[in-house]
Amino acid sequence: MTLPDCASDLGPLHAYPTADGSFSLQSERFGEAFHNSAGARNEAVAKFAVPAQLERFGNGTPLRVLDVCVGLGYNSAVLLEALPSPAPELLWWGLELDRRPLELALTQLDFRNSWSPPVLQILQQLRAHGRWHHTRSSGELLWGDARRMLQTIPEQQRFDLILQDAFSPQRCPELWTEEFLAGLAARLAPGGRLLTYSRSAAVRASLRRSGLMLLSLLPAPGERPGWSSGTMAVRAGEPIPAAGPGWRALSTMEEEHLHTRAAVPFRDPNGTDDSAAILRRRGAEQASCELEATNSWQRRWR
């Protein structure tokens, strides 16, 4: 199935099944799938719901969530399904460029049947109205360039969880720049966690410069094991162990990666550059820097 292109969106979208039976999409504009082939739902659970440790909010502590690049809605939906009982008071914000992924997902019977009625109702309300409001939970989905939309959220709003799920840094560098990541980091409450599938040295180095502690995510079920499967970046607050559900400490290999040319950040000083300009700027900085060549690091750890 292919959806048509339209202005300022993800280009034509192609639907495909993943290994865990859940369905996903591929964007022609970005040349990437929304999820790994091991399973859309499995990936959302392993990289967002499990390391979020939602049981921390089972004592009445409110939960504040920012979902960057909502897409088909998997990441927030698995969080909603995993909330402790009684559910905490929830304040949710979402950022998304294109309405079609969520619209298409909700046309799929298997997708609709995979969620409890309350969670499905929230996804349907987001599609229809861009918001929901229940007695103890509310959410608002902001459509447009996430760089601009982030600035429309009240400046004082802080988040316990930020789900960063943009297309990869090389394909969508606009949402992985030093400036955008610093803006996300500034929105984290004490003890807040930013979760992402990305293991990019540029992304991790930017998050560390923003004052966050870095941890490495474990692979999702069915995912091919690698030297890392993602990143959890934590704002200082309550002590957090070096290993926990879904994460571990960065290895020596990962730490050394942060001192190679791969760690040169993506930069977008005015928050308006396109991907080509951001990639050119980074390429020039990499060519002139004195950091170790990334292929030397790769050979050392091969």
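Descriptive notes on the structure:
- Hey, Ala263 touching a residue at least 60 places away in the same chain (Cβ under 8 Å), within 24 Å of Cys172 (Cα to Cα) and crowded, with 20+ Cβ neighbours inside 10 Å or not: yes
- Here region 221-242 is the region considered, the condition is being of a type outside the set (Ser, Thr, Tyr), within 28 Å of Thr18 (Cβ to Cβ) and modelled with pLDDT of 90 or more, and the residue that is surrounded by the most Cβ atoms within 10 Å (Cβ to Cβ) is Ala233.
- Residue within region 178-197 that is under 15 Å from the mean Cα position of the chain (by Cα) and surrounded by fewer than 19 Cβ atoms within 10 Å (Cβ to Cβ) present: yes
- Residue check: Leu212 meets all listed conditions (1) of a type in the set (A, V, I, L, M, F, W, C); (2) modelled with pLDDT of 95 or more; (3) surrounded by fewer than 20 Cβ atoms within 10 Å (Cβ to Cβ) but one, namely (3).
- Which numbered condition Arg193 misses (of (1) charged (D, E, K, R); (2) at pLDDT 95 or above; (3) out of contact with any strand residue (DSSP E or B) (no Cβ under 6 Å at 6 or more places or on another chain)): (3)
- Test: residue in region 75-97 that is farther than 30 Å from Gly58 by Cα, touching a residue at least 12 places away in the same chain (Cβ under 8 Å) and surrounded by fewer than 18 Cβ atoms within 10 Å (Cβ to Cβ): no
The values are calculated or read from the model by the stated rules, or taken from the named source; none is laboratory data. Because the structure is a prediction, the values reported are computed rather than measured. All Cβ positions, even for glycine, are placed from backbone atoms using ideal geometry, and neighbour counts span all protein chains on display.
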